[in-house]
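Heads up, the thing below is written out as structure tokens.
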Amino acid sequence: MSLITDTIRTYLPGKRKQTPSGWISFNAPCCDDKRQRGGLIFNAGDAVSYHCFNCGFKASWQPGRHISQKMNQFMRNLNIPDTTISQLRLEALRLDESNNTEVLSIIPTFDNRALPMDAISFEELTTFLKLPDGDYAVPTKFTEAFAYLVERKIDPWSYPFYWTNKVGFNNRIIIPFLYKGEIVGWTARAINDAKPKYLSEQQPGYVFNLDRQQDEREFVIVSEGPFDALSIDGCALLGAEIKDSQNWLLKQLGKELVLVPDRDHEGPRTVEQAIEYGWSVSMPNWPDDVKDINDAVVKLGKLATLWLIVQAKESNGLKIRLRAKQWFKDIQ
Ligand SMILES: [Zn+2]
């Protein structure tokens with residue numbers, strides 16, 4: 001252990017947990033976090049890496065490197081005194097001179113040892129996230145929810161949907177958010193014209209339907225909405241933005257990530273983010289009145305939709321941008 005990692009260890013918040021793979025989680029000091037979304041790991045070769053799953057802040061250090069601005073910021077957030085940080089900066093320089101070649105050769109690849117899946121834990125439903133009170137049932141053929149699912153070509157038994165007669169929720173189908181088999185949030189989708197369309201309790205960085213991506217498929221189709229994801233067994237961002245932590249979670253699947261954006265005014269921004277994260281993007285030759293995956297499945301069926309998505313899959317950023325220009329041309 002070096003002076004640097006030792007000091008960081010000393011200043012970590014008292015309330016913390018450690019996973020078997022070595023991630024230490026605590027309330028992130030970089031932002032207003034009360035759910036222990038800050039993750040830190042000490043790696044082989046005396047390196048340290050910090051990642052906040054709340055705001056996306058990252059910082060790392062390894063012997064042979066200077067202390068970066070980010071690391072400096074993280075240490076200040078931990079309330080390490082400035083004078084101590086200055087000493088650590090000098091220590092880093094000293095290690096740089098004395099150990100550089102030797103140390104760099106014994107550090108394999110930084111940050112690869114533990115799977116971040118272990119570092120992330122979405123809390124089980126707390127009072128805050130609890131489903132609204134009421135009796136819940138799985139939709140049966142006698143409910144409007146059942147009819148709604150059938151209309152959208154989604155098998156009502158393919159996912160643990162909920163349905164209630166509680167006022168305010170009696171016209172909504174409730175989709176629990178699962179993570180490693182536990183309910184960690186939910187969204188309630190109106191099945192009529194009720195506003196807002198979705199009522200949700202969602203933890204930051206959550207990716208919908210991640211649990212079901214362990215099959216043999218070589219790629220994961222990522223969409224915006226939960227019904228798009230359920231239509232073709234993909235994942236959903238639950239919004240038009242790709243959060244840094246969502247990118248991280250999805251990357252752990254070790255598969256090609258294929259974004260299928262909604263064909264609306266927010267789509268181009270999502271496409272740009274996907275390019276930055278190194279994802280593929282598919283903008284299929286939908287019929288004119290199709291604006292998302294679920295639309296396509298309703299009109300064309302699941303197999304044809306999947307085929308069109310795979311056909312249009314592109315990984316080259318330049319080609320993606322050219323295609324986007326054309327694909328979003330009529331969208332305002
Ligand atoms: Zn943070």
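Readers should treat all values here as calculations from the given coordinates under stated rules, not as data from a laboratory. Since the structure is predicted, the reported quantities are computational estimates derived from the model, not experimental observations. All Cβ positions, even for glycine, are placed from backbone atoms using ideal geometry, and neighbour counts span all protein chains on display.
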Cα gyration tensor shape of segment 17-61, rounded if a/c is under 1.5, else prolate or oblate by comparing a/b with b/c:
oblate
Filter the trypsin sites (Lys or Arg not before Pro) in segment 273-327 to those in DSSP coil with at most 15 other Cβ atoms within 10 Å of their Cβ, and list the result.
Lys291
Which order do the peptides 79-92, 49-62 come out in when sorted by mean C-beta neighbours inside 10 angstrom, highest first?
49-62, 79-92
Count neighbours as other Cβ atoms within 10 Å of each site's Cβ, and list the trypsin sites (Lys or Arg not before Pro) in segment 7-43 that are DSSP loop with at most 10 such neighbours.
Lys15, Lys34
Links exceeding 19 Å between C-alpha atoms in this model, out of Lys291/Lys329; Lys58/Lys180; Lys197/Lys291; Lys153/Lys251; Lys291/Lys319, come to Lys58/Lys180; Lys153/Lys251; Lys291/Lys319
Between rounded, prolate and oblate, where does segment 197-332 land on the alpha carbon gyration tensor, with a ≥ b ≥ c its root eigenvalues, rounded for a/c under 1.5, else prolate if a/b exceeds b/c?
rounded
Once you put a point 7 Å from the Cα of Lys195 and another 7 Å from the Cα of Lys291, both along the Cβ direction, what distance in nm separates them?
1.5
Filter the GluC sites (Glu not before Pro) in segment 244-309 to those in DSSP coil with at most 16 other Cβ atoms within 10 Å of their Cβ, and list the result.
Glu266
